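Here the structure is laid out as structure tokens; the discussion comes afterwards.
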Amino acid sequence: MHTLQYRIRHQNDLENFAEAFALYMTESKTLELLSPHVYQYFKNHYPKSKSDD
């Protein structure tokens, strides 16, 4: 069984991913300014068409 601390940390990781992905999809330029490495990760793994920017 996972400890409570592990479950909380894992939940936080999932929430952080979801928040960053939402920002990438809706305001990618803001994410690029705030966190270039996270922006680059999403750009590499979830490319968007030019019209989506």
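Residue-by-condition table, conditions (1) modelled with pLDDT of 85 or more; (2) in a helix (DSSP H, G or I):
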residue: His2; (1), (2): no, no
residue: Tyr6; (1), (2): no, yes
residue: His10; (1), (2): no, yes
residue: Phe21; (1), (2): yes, yes
residue: Val38; (1), (2): yes, yes
residue: Asn44; (1), (2): yes, yes
residue: Pro47; (1), (2): yes, no
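Filtering Thr30, Thr26 for residues that are at negative phi and open to solvent by less than 90 Å² (accessible area, probe 1.4 Å) leaves a single hit, Thr30.
The values are calculated or read from the model by the stated rules, or taken from the named source; none is laboratory data. All values derive from a computational prediction rather than experimental measurement. Please note that ligands, DNA and RNA were not included when accessible areas were found on the heavy atoms of the full protein model with its side chains. Shrake-Rupley method; radii C 1.70, N 1.55, O 1.52, S 1.80 Å.
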